[in-house]
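Engineer: Okay, handing you the structure first.
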Amino acid sequence: MTTTTTPPAQAALSARRRWTVLAVCCLSMFMVGLDTTIVNVGLPAIGRGLDVGTRSLEWTVDAYTIVLAGLLISSGALADRFGRRRVFQCGLMVFGGASLVCAAAASVDALVAARAVQGVGASMLSPVALAIVVNVMTDPKERAQAIGVWASVFGLSMALGPVTGGALVGVFGWRSLFWVNAPVIVIALVLSAVFVPESRGPRARRLDVPGQVLLTAVIGVWVGVLIEGPRIGWTSPAALVAYGVASMATVGFVGVEACRDEPLMDLRLFRSPVFSGAVLGAVAVFVALNVTLLLNTLYLQQARGFTPLATGLATLPMALGATVCAPWSGRLVGRVGPRLPLSLAGGFITAGGLCLIGLDRHTGVPLLLFAYFLIGIGFGFANAPITNTAVSGLPPARAGVAGAITSTARQLGSALGIAIAGGLVAHTGPAGLAQASRPGWFLVATCGLLLLLMARASRSKG
């Protein structure tokens with residue numbers, strides 16, 4: 001069997017060195033995950049500071065996730081070709097530079113543009129970090145444990161984002177959400193230079209430029225329609241044109257990928273129900289998480305008058321649930337496989353969403369905290385089994401692409417979740433926010449049910 005290791009000496013890395021490499025990769029992924037959700041709790045403050053409304057605020061989140069989702073697979077292939085450590089370090093520098101521009105942005109347009117560049121840098125980190133981990137962990141059992149840790153850290157960072165963001169905004173203002181990345185970038189750059197070995201794929205793959213352009217168009221246009229739909233009208237000429245462009249890009253992407261010898265995304269992989277289920281599950285989990293985070297932020301700050309710090313503290317139960325259950329899920333995946341943690345994830349997310357279907361302006365804080373706790377537990381259990389299943393469904397030699405497809409699904413879910421939640425409340429005043437958000441909580445519960453169905457299907461195949 002072919003391996004992804006270039007220098008044979010890498011196979012002889014000591015256990016301490018291997019787990020140090022994992023720690024370095026987890027540090028960078030913690031930052032990427034944190035940046036996906038840390039901005040949510042600061043959106044009202046950003047809106048006041050830059051004098052913009054909900055629609056523009058959605059773009060400050062989705063500009064990052066759309067670019068990240070669109071470029072992940074190509075970044076993974078570039079890393080396999082030109083060197084994973086090299087691309088990883090380049091990603092750190094791009095991400096750090098864009099973070100500084102975000103912190104200094106004087107207008108929403110500048111902020112959205114800088115967030116898009118941040119997404120470019122993040123796309124070089126997410127799949128590449130996982131590929132580096134898979135490359136140095138040659139023992140299958142150790143690799144499964146490492147993937148579980150990696151997925152747990154990434155999930156934990158997203159759960160901790162609102163808490164961290166609320167504290168930073170409350171004390172230092174919204175620009176601190178981006179300044180905080182600078183020291184982490186410096187530490188990660190130094191540690192990666194010292195500890196992370198260079199590696200490449202066994203052979204260079206051609207870049208699929210048409211596939212890359214079409215994939216970016218598919219994600220960007222569909223999500224853009226969801227964000228702009230409430231403003232331009234779902235049946236307006238502009239919306240109809242966007243539907244047509246998105247549909248043609250989707251058909252074109254499938255056609256181009258089916259005809260290429262080395263496609264950006266090997267669509268034959270989706271013939272496997274297990275792999276397809278893992279990708280769909282990743283989308284569902286991150287739709288649920290991001291719907292929860294955005295609706296929670298707007299409801300608590302605008303309808304209930306919470307400060308950013310209090311809003312962040314309200315998500316502590318979610319962070320606690322993810323903190324406790326994410327590492328536990330990783331260990332369960334290593335010992336008994338993905339079915340049990342996936343079932344637990346679906347059950348808890350469903351229960352959390354159902355708790356808030358009747359939300360109103362006077363819903364008790366204990367019920368809110370309990371629902372967030374349930375969703376956090378579900379999110380903590382979800383990431384490790386989904387990541388392990390998706391990576392196991394691809395050949396080892398495609399480690400970069402393996403991580404990229406899973407991460408693309410996550411970011412697509414994040415972008416869809418923000419767009420859907422924003423669309424539900426875009427033109428709603430504080431008095432009507434609770435009622436307008438109820439379909440969002442129903443969607444969260446539905447995402448949990450989807451995970452339960454996936455776990456059941458996996459069990460029946462086993």
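The values are calculated or read from the model by the stated rules, or taken from the named source; none is laboratory data. Computed from a prediction, not measured in an experiment: that's the story for all the values here. All Cβ positions, glycine included, derive from the backbone under ideal geometry; neighbour counts span all protein chains shown. Please note that ligands, DNA and RNA were not included when accessible areas were found on the heavy atoms of the full protein model with its side chains. Shrake-Rupley method; radii C 1.70, N 1.55, O 1.52, S 1.80 Å.
Engineer: Looking only at the range 157-169, which residues are modelled with pLDDT of 85 or more and among the hydrophobic types (A, V, I, L, M, F, W, C)?
Structural biologist: The answer is 167, 168, 169.
Engineer: If you go through the range 24-43 one residue at a time, do you hit one that is touching a residue at least 40 places away in the same chain (Cβ under 8 Å), more than 25 Å from residue 120 (Cβ to Cβ) and not β-branched (Val, Ile, Thr)?
Structural biologist: No, every residue in the range 24-43 fails to be touching a residue at least 40 places away in the same chain (Cβ under 8 Å), more than 25 Å from residue 120 (Cβ to Cβ) and not β-branched (Val, Ile, Thr).
Engineer: In contact with a helix residue (DSSP H, G or I) (Cβ under 7 Å, 6 or more places away or on another chain), outside any helix (DSSP H, G or I) and modelled with pLDDT under 85: is that true of residue 41 in this structure? Spell out the reasoning first.
Structural biologist: Details: in contact with a helix residue (DSSP H, G or I) (Cβ under 7 Å, 6 or more places away or on another chain): yes; outside any helix (DSSP H, G or I): no; modelled with pLDDT under 85: yes.
No; evaluated as a whole, the condition is false for this residue.
Engineer: Does residue 115 qualify as being in a helix (DSSP H, G or I), under 19 Å from the mean Cα position of the chain (by Cα) and of a type in the set (D, E, K, R)?
Structural biologist: Yes, satisfied.
Engineer: Given the residues 88, 172, 95, 178, which is the only one that is more than 21 Å from the chain's Cα centre (by Cα) and modelled with pLDDT of 80 or more?
Structural biologist: Within the list 88, 172, 95, 178, the selection yields 172.
Engineer: When residues of the range 140-196 are filtered for being open to solvent by 50 Å² or more (accessible area, probe 1.4 Å), within 18 Å of residue 115 (Cα to Cα) and in a helix (DSSP H, G or I), how many remain?
Structural biologist: Adding up the residues that qualify gives 1.
Engineer: Further question: Could you tell me whether any residue of the range 130-142 is closer than 22 Å to residue 63 by Cβ and in contact (Cβ under 8 Å) with a residue 60 or more places away in the chain?
Structural biologist: Taking every residue of the range 130-142 in turn, none turns out to be closer than 22 Å to residue 63 by Cβ and in contact (Cβ under 8 Å) with a residue 60 or more places away in the chain.
Engineer: Also, quick follow-up: Out of the range 30-44, which residues are open to solvent by less than 10 Å² (accessible area, probe 1.4 Å), within 21 Å of residue 314 (Cα to Cα) and aliphatic (A, V, I, L, M)?
Structural biologist: 38, 39, 41, 43
Residues checked against (1) crowded, with 23+ Cβ neighbours inside 10 Å; (2) at positive phi; (3) not basic (Lys, Arg):
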position: 417; (1), (2), (3): yes, no, yes
position: 420; (1), (2), (3): no, no, yes
position: 428; (1), (2), (3): no, no, yes
position: 431; (1), (2), (3): no, no, yes
position: 438; (1), (2), (3): no, no, no
position: 454; (1), (2), (3): yes, no, yes
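Engineer: So, of the residues in the range 305-316 that are open to solvent by less than 30 Å² (accessible area, probe 1.4 Å) and of a type in the set (Val, Ile, Thr), which turns out to be farthest from residue 355 (Cα to Cα)?
Structural biologist: 311
Engineer: Test residue 377 against the stated conditions and say whether it is touching a residue at least 24 places away in the same chain (Cβ under 8 Å), more than 22 Å from residue 407 (Cβ to Cβ) and within 18 Å of the chain's Cα centre (by Cα). Give the steps one after another, and end with the answer.
Structural biologist: Values: touching a residue at least 24 places away in the same chain (Cβ under 8 Å): yes; more than 22 Å from residue 407 (Cβ to Cβ): yes; within 18 Å of the chain's Cα centre (by Cα): yes.
For residue 377, the condition - touching a residue at least 24 places away in the same chain (Cβ under 8 Å), more than 22 Å from residue 407 (Cβ to Cβ) and within 18 Å of the chain's Cα centre (by Cα) - is met.
Engineer: Do you know which residues across the range 64-84 are open to solvent by 10 Å² or more (accessible area, probe 1.4 Å) and either touching a strand residue (DSSP E or B) at 6+ places or on another chain (Cβ under 6 Å) or at pLDDT 85 or above (or both)?
Structural biologist: Selection gives 66, 67.
Engineer: Run residue 111 past the list (1) open to solvent by 50 Å² or more (accessible area, probe 1.4 Å); (2) touching a residue at least 24 places away in the same chain (Cβ under 8 Å) and report the number of the one that doesn't hold.
Structural biologist: Among (1) open to solvent by 50 Å² or more (accessible area, probe 1.4 Å); (2) touching a residue at least 24 places away in the same chain (Cβ under 8 Å), the lone unmet condition for residue 111 is (1).
Engineer: Go through (1) assigned to a loop (DSSP other than H, G, I, E, B); (2) in contact with a Ser or Thr (Cβ under 9 Å, 6 or more places away or on another chain) for residue 330 and report which single condition fails.
Structural biologist: Checking residue 330 against (1) assigned to a loop (DSSP other than H, G, I, E, B); (2) in contact with a Ser or Thr (Cβ under 9 Å, 6 or more places away or on another chain), the one that fails is (1).
Engineer: If only one of 47, 91, 97 is free of Cβ contacts under 8 Å to residues at least 12 places away in the same chain and either under 19 Å from residue 290 (Cα atoms) or open to solvent by less than 50 Å² (accessible area, probe 1.4 Å) (or both), which one is it? Quick ask: steps written out before the conclusion?
Structural biologist: On the way: 91 fails: free of Cβ contacts under 8 Å to residues at least 12 places away in the same chain; 97 fails: free of Cβ contacts under 8 Å to residues at least 12 places away in the same chain.
None of the others qualify; the one that does is 47.
Engineer: Further question on the same structure: Which residues, taken from the range 82-108, are closer than 18 Å to residue 45 by Cβ and assigned to a helix (DSSP H, G or I)?
Structural biologist: If the condition is that a residue be closer than 18 Å to residue 45 by Cβ and assigned to a helix (DSSP H, G or I), then 99, 102, 103, 104, 108 are the ones that fit.
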